[in-house]
Amino acid sequence: MMAEVQVPAADDDIDDSKYVSGLPGILGIIDVGIARIEAVLLAIGVLLMAFNTIANVVGRYVFGNSLYFSEELNQALIILITFAGISYAARHGRHIRMSAIFDATSPAIRKPLMILIAVVTAAAMFLLTWYSVEYVMSQAGRGRLLPAMQIPVWWIIVWAPLGFFLTGLQYSLTAIKNVLHENIWLSTSTMEGYDDPREEEV
Amino acid sequence: MSLAIFGTMILLLLLGFPMMIPLIAGSLIGFVSLFGGMGQLDTMVQQILAGIRPASLIAVPMFIFAADIMTRGQSAARLIDLVMAFVGHLKGGLAVSTATACTLFGAVSGSTQATVVAVGGPLRPRMLQAGYKDNFVLALIVNSSDIAFLIPPSIGMIIYGVVSGTSISELFIAGIGPGLLILVLFSIYSYIYARRHNVPVEPKSSWGERARAMQRALWPLGFPVIIVGGIYGGIFSPTEAAAACVLYALFLEMVVFRELSIKQLYATAKSTGLITAVVFILVGAGAAFSYVISFAQIPQQVLGAIGIDDMGPYAILFTISIAFFVGCMFVDPIVVILILVPIFAPVVDSAGLDPVLVGTIITLQVAIGSATPPFGCDIFTAIAVFKRPYAEVVRGTPPFIVMLLGVAVLLIFFPQIALFLRDLAFAE
Amino acid sequence: DTWRYAFEEAMDEVQGIFAQKFKEEVEANSDHTVQLFPFGTLGESADIMEQAQSGILQFVDQSPGFTGALIPEAQVFFVPYLLPQDEEQLATFFEESKAINEMFPPLYEEQGLKLLTMFPEGEVMMTTQEPVEAPEDLNEVKFRVMTNPLLVESYQAFGATPTPLPWGEVYGGLQTGIIQGQENPAFFIESTKMYEVTDYITRAGHNNFTTAVMANLDFFEGLPEEEQTMIQDAIDVAFDHIIEYQDGLTEESLEKIKEAKPSITINELSEEQRQPFMETAEGVEQEFLEIGGDQAQAILDQMKADLEAVGAGSDS
Ligand code: NA
Ligand code: NA
């Protein structure tokens, strides 16, 4: 019974060209564009982080000079990655959740529950959007600089409100999609069930 | 307030909300009730950002990236083939190798999350193929990775040493005994598991086959050289070693093996970013939650209420164990150490307990707590990387927790498990 | 009321001792309670500073070096060989300095903070793997410094390779050898066990770690006058206490280190040996004037005048 397990290779990559927005018309085109930008930011962010870290090693050994802004650049990148990623994850239903009880209930309960989850999550994200805008503004107001790069701190954290907002938007669309359409949707583009339907033995 | 917070969190968690929501909700209730309204929620945002910002966390995405490249290409398979050529014919051999690899990698890299990915990533599919059940495999990976907390260098022990003023060198040495004991127990369990579930063994490889496996693994053997040699040789910090692995993996898979296209590189980087984001937002939300606990001085209230001041040594050690175990179930281990150690310090001092023993016990509890539901970074990482449901990731955990708690109790009654090596090394 | 006070060190380190004394005084002379939050329990240095600015915390202790991101002038405390090396002169300087007591408060007020006091935490010492007697001995040495342009500049001027490393990685970094040196006051070297992984402690007298205690400005100004006086009195008592506490603390910490690790070499550089280190200070001063904000020149001049006044002028 357990012999047939295949090694999951690269087949679970998200194909951005197949992404369909939950928004109509021009808004949909913008949304697809944003999805693409998020994907590119994720990939570039990770690659830059690797090269930045290596460059610091090379600088230290080859040129006898640490890139003392390296740490701050990595901080900027990890914030960028996290907040571009939470929205991208929301689009594709990839946020971590404990679905054991959810999955065990009947579809008649699951659907309204999914709507509730999406609405509450969206509300929480919009709330955090508001307060992270406030936080960014207060940082900008205080004029705090990153010690090594000597650039304002708020430059590297503007991604927080943006990420929260886009995530909230995705969950709102998910709620709407669940109201308007049949089936249960984890996101506008993902129906429920893990992408690996082999053994749904939760 | 505490009750409302924990109740809400558990409820949201069980209903199937995205895991960040229980943590965010817990912090929200905390902030609103502590500050009488929404006025200070920008500090909650500050704490979320503070949680994802620490420089040492950068090792996590870097190891995820390197491991993903290795797994998509040939490096990982060749390394595992090499291990299998030597242990494939032994009952439970693959499981024991996985546990050992997780322990060693975790010890060196200093990041249990990175271990889940870098070792668990390539080895899990192979264990599934070999016939182990997924819930066993996942629990083995997560729990073995956490042994790394006890093996030097251990960030938990460094923080404990600094906060309590205990010799970090002595702590490092004291961690080795319990760490190895746990690894031995896990290995025995793996063997029993393999027998009970009749996991098939492969035919014993000939020395010729082994030589061939060795030859095929020659290039990929550069990875352990970079990680172990680079870190212990003082060339790289763990984070830099991770980035060096990325570079080396790119070189092998794109130049030497020609396995990875630019397009796949892009897909790999993107998928690394995605996994990083879903784990890190939980780390951030967890930091905001820790802040509430810390600010409201909840541990002080709870511990004050149970009267630790009047306890005997064993009772104190048990109380410490339980406090750290419970704390780490919900809050980031480092924060738990920072908050709780100063509270216990006077009691430990007046009871004349050995601070090195206490540090070892605490580190062990931290390790257990990080692998224990409901909240645990390594659990989140496993879910995100392996894309398995939460329940399945934690379902195989109980036997491991039992073994870990067994060692924790042993350590209280037989402190020599930890102190033997310390006394040997630091004898006058 | 419950007042909250966060600082950058552990409870039994210098900032913690100061905070405990302050708490004791406030609670003895008023109905208020002071809750103390040591290092890391409410976030890192920058985080607790922001919390004090937004009024979540009533009091915060942050070292001016960190404050440099907010108040560039505060980085003056990183200019090497500016502060007197004699402890008594140093204490008098902090009490009487016009720069500290008159010029800095308005700069802190602009950031919503009431500067209550600044006090020294102890002579900064280098810990290294090899002996350091001249700047040449630091050549090629990867030296961990805090991420601050002036510290980077100082150690570059000494000839070292300044290597920023997150605090959590310093101990491991010294052990494996990614870095070969770091600097801190003696009590901190002792409490954080840095001596376990280094073999030489060098006293070049180049700096004394300074820290500052602040209150949220709106909170402070909203208090009745007698409460403000009560706070200021508590600060003064804590200041005297911390100066007294530190009398001999450095020697005591070094004793403890020696006891724990007899093989360690503690080397106090002679006036003559310090000379080449001192000569590098000029360049760092220039750097400070460039990045130290609008009042950099005025602050630096006033500091020098104040030092002259306590008989510790830079004419040495
Ligand atoms: Na470790
Ligand atoms: Na946990």
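The values are calculated or read from the model by the stated rules, or taken from the named source; none is laboratory data. Everything numeric here is computed off the predicted structure, so don't read it as measured data. Every residue, glycine among them, receives a Cβ derived from its backbone with ideal geometry; neighbour counts consider all protein chains shown. Each accessible area value is taken on the protein alone, full model and side chains, heavy atoms only, with ligands, DNA and RNA left out. Shrake-Rupley method; radii C 1.70, N 1.55, O 1.52, S 1.80 Å.
For the protein assembly as shown, the solvent-accessible area works out to 37 Å² per residue, with a probe of 1.4 Å and every protein chain left in place. Annotation: amide H of A:Ser99 within the under-5 Å range of B:Tyr390, B:Ala391, sequence separation 5 or more or interchain, hydrogens built in the peptide plane.
Averaged over the residues of B:154-161, the number of partner chain Cβ atoms lying within 10 Å of the residue Cβ comes to 3. For C:Gln275 and C:Asp240, the FRET efficiency from 1/(1 + (r/R0)^6), where r spans their Cβ atoms and R0 equals 56 Å, is about 0.95. Distance between the modelled labels on B:Asp354 and B:Ala4, one decimal in nanometres: 4.7 nm (7 Å Cα→Cβ projection). To one decimal place, what orientation-averaged projected area in nm² is obtained for the convex hull of the Cα set of segment C:173-251? That works out to 7.7 nm². Under a 5 Å amide H cut-off, with hydrogens placed 1.01 Å from N, C:Lys114 pairs with C:Ala215, C:Asn216, C:Leu217 among residues at least 5 apart or on other chains. Compactness of chain B is given as radius of gyration and Dmax, 21.9, 73 Å, from Cα positions. Taking chain B as a Gaussian network, Cα atoms linked when under 10 Å apart, which of B:Pro313, B:Pro238, B:Pro178 shows the biggest mean-square fluctuation? Sorting by GNM fluctuation, first place goes to B:Pro313. So what's the net charge close to A:Trp185: Lys and Arg +1, Asp and Glu -1, counting the other residues with Cβ under 10 Å from its Cβ? Cβ neighbours under 10 Å give a net charge of 0.
Roughly to the nearest percent, how much of the accessible area of chain B is carbon and sulfur, given a 1.4 Å probe?
Values: 9660 of 13990 Å².
Percent of accessible area from carbon and sulfur atoms in chain B: 69.
Relative to the compact-globule estimate of 2.2 N^0.38 Å, the Cα radius of gyration of segment B:275-428 comes out at 1.14. Taken over chain B, lysine pairs spaced eight or more positions apart, or on distinct chains, with alpha carbons under 18 Å apart number 4. Note on chain C: GNM, Cα springs under 10 Å; of C:Gly168, C:Gly16, C:Gly292, the largest mean-square fluctuation is that of C:Gly168.
The sum of -39500 (n - 2.57) across all DSSP H runs of n ≥ 4, divided by the residue count of the protein assembly as shown, sets its helix-only mean residue ellipticity at 222 nm to -20000 deg cm²/dmol.
The heavy atoms of A:Ile115 present about 40 square angstrom of accessible area, all protein chains included, probe 1.4 Å. Spatially, segment A:103-144 and segment B:190-213 are offset by 50 Å when compared through their Cα centroids.
May I ask for the accessible area buried between chains A and B, both sides summed, probe 1.4 Å, to the nearest 100 Å²? Kindly include the intermediate steps, with their values, before the conclusion.
Numbers: alone 13000 and 18430 Å², together 25160 Å².
Buried area (both sides, nearest 100 Å²): 6300 Å².
Taking the empirical scaling 2.2 N^0.38 Å for compact globular proteins as reference, the protein assembly as shown has a Cα radius of gyration ratio of 0.94.
Checking the a/c ratio against 1.5 first, then a/b against b/c, what shape does the Cα gyration tensor give for segment A:23-200? The shape class here is prolate. Each of A:Leu23 and A:Ile37 was given a label point 7 Å from its Cα along the Cα-to-Cβ line. The distance between the two points is 1.0 nm.
For segment B:194-289, state the semi-axes of the equivalent ellipsoid (square roots of 5 times the eigenvalues of the alpha-carbon gyration tensor), sorted largest first and rounded to whole angstrom.
On the way: eigenvalues 194, 102, 65 Å².
After diagonalising the Cα gyration tensor, the semi-axes are 31, 23, 18 Å.
Placing dummy labels 7 Å off each Cα toward the beta-carbon, the span from B:Lys387 to C:Lys98 is 7.1 nm. Within segment B:325-428, none of the trypsin sites (Lys or Arg not before Pro) combine a DSSP coil assignment with at most 11 other C-beta atoms in a 10 angstrom radius.
So what's the projected area for segment B:14-61, the Cα convex hull averaged over all directions, in nm²? Can you show the working numbers first?
Working: hull surface 18.1 nm².
Mean orientational projected area (segment B:14-61, Cα hull): 4.5 nm².
Close amide H contacts of C:Arg144 (hydrogens built in the peptide plane, cut-off under 5 Å, sequence separation of 5 or more or a different chain): C:Thr163, C:Gln180, C:Gly181, C:Gln182. The separation of segment B:345-371 from segment B:62-130, counted between C-alpha centres, amounts to 31 Å. Accessible surface comparison of A:His181, B:His197, probe 1.4 Å, protein chains only, largest first: the order is A:His181, B:His197.
Rank these by accessible area, largest first, 1.4 Å probe: A:Lys18, B:Lys270. Let's see the in-between values first.
Working: A:Lys18 155, B:Lys270 10 Å².
Order by accessible area, largest first: A:Lys18, B:Lys270.
Start at zero, step by 5 Å, and the Cα-Cα distances of segment B:10-150 spread as 2, 9, 14, 15, 15, 12, 10, 8, 6, 4, 2, 1, 0 percent across the bins. Of B:Asp310, B:Asp81, B:Asp354, which has the largest mean-square fluctuation in a 10 Å C-alpha GNM of chain B? Judging by the Gaussian network model, the answer is B:Asp310. Once you reduce segment B:267-315 and segment C:110-184 to the center of their Cα atoms, the two points are 31 Å from each other. Secondary structure note: in the protein assembly as shown, about 60% of the DSSP beta bridges are antiparallel. The accessible area of A:Met191, taken with all protein chains in place and a 1.4 Å probe, comes to roughly 90 Å². Residue by residue along C:136-143, Cβ atoms of other protein chains within 10 Å of the local Cβ number 1 on average. The mean number of partner chain beta-carbon atoms within 10 angstrom of a residue's beta-carbon across peptide C:146-153 is 3.
Annotation: extensible slack from C:Asp294 through C:Asp1 equals 101.6 nm (criterion: 0.36 nm per residue apart, minus Cα-Cα distance).
Cα extents for segment C:1-92 along the principal axes, largest to smallest and rounded to whole angstrom: 43, 30, 20. What the Cα convex hull of segment C:2-309 gives, in volume per residue, is 120 Å³.
Share of carbon and sulfur in the accessible area of segment A:23-200 stands at 75%, probe radius 1.4 Å. Look at the alpha carbon pairs under 8 Å that are at least 6 residues apart: their mean separation over the length of chain C gives a relative contact order of 26 percent.
How would segment C:183-316 be classified by its alpha-carbon gyration tensor: rounded, prolate or oblate, with rounded meaning a/c under 1.5 and the a/b versus b/c comparison settling the rest? The shape class here is oblate. Summing charges over neighbours of C:Asp236, with a neighbour being any other residue whose Cβ is under 12 Å away from its Cβ, gives -3 when K and R count +1 and D and E count -1.
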